[in-house]
């Protein structure tokens, strides 16, 4: 039993130490603020299946009936197609969706999209988690004394 | 006859899990690395199964699946990169700037071993007896690696100019493909944020297919200009049957450097420390 515990600990250590960063094309934190999460519902007005990032635009109505157009950034088409997205099927202009993500640091109507809930309640990821590619919690080197 | 059958059944029971999991061999007897692989993962299965949950490109199909560790996670047991003090300061500067100076943000080749250990994009290995070709979907990069009969015969080209991925030559040491790399420029990061290097970088990669599903990958980096000793990074590549390497033309609509410039002009503070 004791041996099994050591074996388990050793396997865990190996898995943790061998795990490598998962880089996106650029640093999340250089453009987006993980402390500014945002959830918006609206109507899709445009979709760009482009590299290095796909985008979609959303008309969002506020309590007074004013409409603002938001731009959301996410994975490139290759990543989306590998994770269940189908171009012109999964997301279309005119669809009503809810999106969760994080706002751009410049305060404009631009955000990084993480999860999208489509009209039938189905949820899909459009972009990586907050913090992807911005160096993580600890640097590769020890702090310099 | 009955005895032979019984022996065979016993052998299969004893090694059942590993018999079908043995690494395949190429026609020349070496382990066959051919396939489409995902770096930085330890999970078996096809792409969608292995990346469900909160992991890379997760689809949410299996929300209980453990998350792949993201670069935001502290890596327990990690060995700090052995940079010289002046160089460690430079690495920290990039870290504190949240990697705004990442060469990949400009759609330049991200370098190695970074491209071998990232998990978001697949890598295809095509093996022949005399050449191994590695195709990286990320940034549409490729390597054509001559395979020599021995380390002594694995000679680099004599007309090298410094490049992003350097010059690779390989040979087999038992079941491990050993790739010697030199001729790098100094424009890439090795793995994590800010891990720069000089054009004196020398790297040795080791690929060992330990089972049908897994290649153990190890990169040893030596750079007398920035490191104090060789830096060893270990990772795994998992077979992703049914996945294909597709086109990824990063420069198509790269808006990020322009946005960086605007944010910096506006004086927005995104520093970590």
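Where in the stretch A:101-144 is the amide nitrogen less than 14 Å from a point lying 7 Å along the Cα-to-Cβ axis of residue B:262? The answer is A:104-112.
Based on the alpha-carbon gyration tensor of the stretch A:34-145, what equivalent-ellipsoid semi-axes (square roots of 5 times the eigenvalues) come out, in whole Å, largest first? Mind showing how you got there, number by number?
On the way: eigenvalues 150, 68, 26 Å².
Values for the stretch A:34-145, descending: 27, 18, 11 Å.
Taking the mean number of other Cβ atoms within 10 Å as a proxy for protection, how do you rank B:186-193, A:106-113 from highest to lowest? Could the numbers behind the result be given before it?
Working: B:186-193: 22.6, A:106-113: 18.5.
Order by mean packing, descending: B:186-193, A:106-113.
Each label point was placed 7 Å from the Cα along the Cα-to-Cβ direction; for residue A:67 and residue B:200 their separation is 6.3 nm. Sorted largest first, the principal axis extents computed over the alpha-carbon atoms of the stretch B:202-259 equal 39, 39, 15 Å. Note on the stretch B:112-191: percent of Cα-Cα distances in each 10 Å bin, starting at 0 and stopping at the bin with the largest distance, equals 17, 49, 31, 3.
One Cα centroid belongs to the stretch B:22-43, the other to the stretch B:183-253; the line between them spans 17 Å. Sorted from greatest to least, the principal axis extents spanned by the alpha carbons of the stretch B:127-240 come out as 37, 32, 30 Å.
Apply 1/(1 + (r/R0)^6) to the Cβ-Cβ distance of residue B:255 and residue B:44, taking R0 = 30 Å, and write down the FRET efficiency to the nearest 0.05.
Calculated value: 0.25.
Could you work out the relative contact order of the stretch B:132-273? I mean the mean sequence separation of Cα pairs under 8 Å and 6+ apart, divided by the number of residues, in percent. List each step's numbers first, then the result.
Values: 231 pairs, mean separation 22.4, N = 142.
Across the stretch B:132-273, relative contact order equals 16 percent.
When you work out D = kT/(6 pi eta Rh) for the stretch A:43-90 at 25 °C and 0.890 mPa s, using the Kirkwood radius from C-alpha pairs as Rh and the Stokes-Einstein form, the result is 210 µm²/s.
We did not get these values from a lab; they are worked out from the coordinates using the rules stated. This structure is a prediction, so every number in the text was calculated from the model and none was measured. So basically every Cβ, Gly included, is an ideal-geometry build from the backbone, and we count neighbours across all protein chains shown.
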